[in-house]
1. Which of rounded, prolate, oblate describes the stretch 340-404, given a ≥ b ≥ c as roots of the alpha-carbon gyration tensor eigenvalues and a/c under 1.5 marking rounded, otherwise prolate only if a/b is larger than b/c?
2. With axes computed from alpha carbons, what is the tilt in degrees of helix 66-76 against the longest principal axis of the chain, rounded to the nearest 10 within 0 to 90?
3. Decide, for the stretch 180-383, between rounded, prolate and oblate: order the square roots of the alpha carbon gyration tensor eigenvalues as a ≥ b ≥ c, take rounded if a/c falls under 1.5, and otherwise choose prolate if a/b is larger than b/c, else oblate.
4. Could you state the accessible area per residue of the chain in Å², with a 1.4 Å probe and every protein chain left in place?
5. Tell me, how many Å apart are the Cα centres for the stretch 4-36 and for the stretch 64-107?
6. What share of the DSSP beta bridges in the stretch 180-383 is antiparallel, in percent to the nearest 5?
7. Straight-line reach only, C-alpha to C-alpha below 12 angstrom: list the aspartates and glutamates that residue 43 could link to, leaving out same-chain residues fewer than 8 apart.
8. For helix 366-383, report the angle its Cα long axis makes with the longest principal axis of the Cα atoms of the chain; keep it between 0 and 90° and round to the nearest 10°.
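The values are calculated or read from the model by the stated rules, or taken from the named source; none is laboratory data. In this text, all values refer to a predicted model and were calculated from it rather than measured experimentally. All accessible areas refer to the heavy atoms of the entire protein, side chains included, with ligands and DNA or RNA removed. Shrake-Rupley method; radii C 1.70, N 1.55, O 1.52, S 1.80 Å.
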Amino acid sequence: MGKKSIIIYVASNVGIDYFFFLAKTIETADYNVEPIYLISEAKYRKLSKSSGLEKIWLRTQMYFLYPFYLIYIGLKSKSGSVFVVSSNTFYAPYLVHFFLRFKGVKVIHMLYDLFPDAIEISGIITKGSFFSRMIGKIASKNQATCDGTVYLGDFLKKHTENRWGKSNISKVIDISTDLSLYSTDFEPLDSSGKLIIHYGGQLGHLHDANSIIESIKYVCQSDIKDQIEFNFYVSGSQAQFLEESLRGYPVTIISAVPSLKWREDIKNFHIGLVSLSPGGATVCLPSKTYGMMAGGMAILAICPQWSDLASLVVKLDAGWIVNNSVYTSELEFDESRGDKSLNDIKSMELIKKDFYEVLNGILQSRSLLEQKRRNSFDGVRKNYNISNLSEKWDNLISIILKAK
């Protein structure tokens with residue numbers, strides 16, 4: 001059976017940049033690909049900033065209407081098709097397996113965010129509670145029944161399988177970004193003006209908003225305050241908290257902008273700021289990191305030293321890590337495994353001083369900054385281009401199609 005005779009359905013509740021890039025990546029491996037989504041990026045951004053009935057309508061579409069729509073498409077699909085179903089919505093992969101197994105479909109779980117871990121860390125539910133156990137059963141079902149699972153990093157794979165069981169077939173494939181949407185030429189920036197540090201995208205409970213806020217306050221009261229500029233294009237559950245906490249400080253904060261506008265603006269920024277709390281580092285990896293690198297920004301990551309995010313930055317020598325965990329390695333973190341370890345954040349005094357020292361060091365060596373920017377720009381293109389990623393997806397799909 002040739003590749004073109006197989007239809008790969010790529011499904012997620014929201015049609016966002018990285019979703020379309022995933023579909024394009026698999027299509028590059030010479031498969032027929034059909035994207036399935038219910039909500040456009042523009043509609044999602046508009047409704048996510050709303051409240052009341054509009055916010056309820058968004059949740060209804062994401063967690064009720066989209067799964068029904070997905071199963072409807074699945075029932076019309078050819079027998080033996082392959083469904084790549086993202087964790088947006090978290091129970092959708094098992095749902096596709098359950099309702100479509102009679103058609104002999106293959107289901108690959110694209111694990112972007114891990115549930116219930118994500119909402120436990122957010123404080124919405126408590127670990128071991130009724131809702132945690134109920135959602136945990138779905139996580140275990142996803143692992144046990146899907147034909148394969150794709151993880152965004154080695155640590156995320158290990159953590160997921162330690163808690164929810166091993167997947168039948170698994171592979172780590174970076175989320176990356178569509179490099180064709182970015183300039184092909186690296187552009188040096190003015191090294192005499194202010195150092196511009198940019199945060200773009202979601203700021204939720206899995207990110208380390210407190211460390212970002214306290215570190216910026218510390219810098220804004222330091223001897224380098226006039227040499228640094230912070231700006232945020234931000235949305236998410238912690239965006240308002242950020243704005244309120246930094247009111248009165250010389251920081252620019254606006255709502256997240258459409259992807260096309262963002263890609264144009266980041267040409268003027270030196271450093272991309274990203275963050276994950278220790279708990280957040282066990283369940284996700286910020287996709288904007290790849291976009292920042294593709295746009296030529298060096299990366300300043302406030303995150304655990306043992307996280308996949310830190311490993312990415314270190315591998316490409318693309319920036320700097322401010323460790324916000326009391327542990328400096330995965331081995332240390334594993335030895336102290338338990339609920340407490342996820343909340344064992346390093347002293348805030350140490351975090352903000354480390355943040356200051358990194359920025360002060362950059363100001364003293366602008367040539368090093370340009371080298372990190374260049375490493376970032378080149379590294380994402382060399383390691384995470386569509387050709388490399390499509391080869392990995394082709395390999396995984398081929399193995400799953402051959403498996404009984």
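1. The shape class here is oblate.
2. 40 degrees
3. Since a/c stays below 1.5, the shape of the stretch 180-383 is classed as rounded.
4. 43 Å²
5. Cα centres, the stretch 4-36 to the stretch 64-107: 14 Å.
6. Around 5 percent of the beta bridges assigned by DSSP in the stretch 180-383 are antiparallel ones.
7. Once the sequence-local aspartates and glutamates are set aside, what remains near residue 43 is 54.
8. With rounding to tens, the tilt is 10 degrees.
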